[in-house]
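Bear in mind that the values in this text are calculations on the coordinates, not laboratory data. Note that this is a predicted model, so its numbers are computed, not measured. Methodologically, a virtual Cβ is constructed for each residue, glycine included, from the backbone with ideal geometry; neighbour enumeration extends over all protein chains shown.
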Amino acid sequence: MTIASFLIIAWILSWFKFDRLFIQACKELFKKEVTKATYYFTFFCIGTIGDITLFFNGTFYDVLMS
């Protein structure tokens with residue numbers, strides 16, 4: 001559930017050109033060319049970490065059922 005939430009957040013932030021800011025920041029900080037796929041993959045990974053954290057805390061199914 002957290003994965004979908006973070007992907008929706010990424011999509012909404014892209015309306016305000018946050019994806020361009022993220023891509024430009026990666027270029028300047030890491031001297032690496034990135035695309036929008038990297039932008040969405042980053043939010044996917046953050047959501048995955050959130051889901052794994054909820055799972056190991058034992059609250060994953062509580063959040064899923066509410």
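Which peptide among 12-20, 38-46 comes first, and what is the full order, when sorted by highest mean count of other Cβ atoms within 10 Å? Don't jump to the answer; show the numbers that get you there.
Numbers: 12-20: 12.3, 38-46: 15.8.
Peptide ranking by packing, descending: 38-46, 12-20.
For the chain, set up a GNM with springs between Cα atoms under 10 Å and report which of Phe22, Phe55, Phe30 has the largest fluctuation.
With Cα springs under 10 Å in the chain, the top fluctuation among Phe22, Phe55, Phe30 is at Phe30.
Please give the charge dipole size of the chain, origin at the Cα centre, charges +1 on K and R Cβ atoms and -1 on D and E Cβ atoms. Round to the nearest 20 debye. Before the final figure, lay out each step's value.
Values: 6 positive and 5 negative charges, 78 e Å.
The calculation lands at about 380 debye.
Projecting each Cα onto the charge dipole of the chain (Lys/Arg +1, Asp/Glu -1 at the beta carbon, about the Cα centre), which of Cys26, Phe55, Ile8 comes out farthest on the positive side?
Cys26
If you add up the charges near Cys26, with Lys and Arg at +1 and Asp and Glu at -1, over every other residue whose beta carbon is less than 14 angstrom from its beta carbon, what do you get? Kindly include the intermediate steps, with their values, before the conclusion.
Working: positive: Arg20, Lys27, Lys31, Lys32, Lys36; negative: Asp19, Glu28, Glu33.
Counting the neighbours of Cys26, the net charge comes to +2.
Using a 10 angstrom cutoff on alpha carbons, build the Gaussian network for the chain and name the most mobile of Leu21, Leu54, Leu29.
Largest GNM mean-square fluctuation: Leu29.
I need to check one value: relative contact order of the chain, counting alpha carbon pairs closer than 8 Å and at least 6 residues apart, in percent. If you can, show how the numbers build up before the last one.
Numbers: 47 pairs, mean separation 29.0, N = 66.
About 44 percent, as a whole number.
In the chain, which helices (entire DSSP H runs) extend 18 Å or more along their own long axis, judged by Cα positions, while averaging at least 0.5 on the Kyte-Doolittle scale?
Numbers: long enough: 2-15 (20 Å, 1.99); 36-57 (32 Å, 0.84).
Answer set is 2-15, 36-57.
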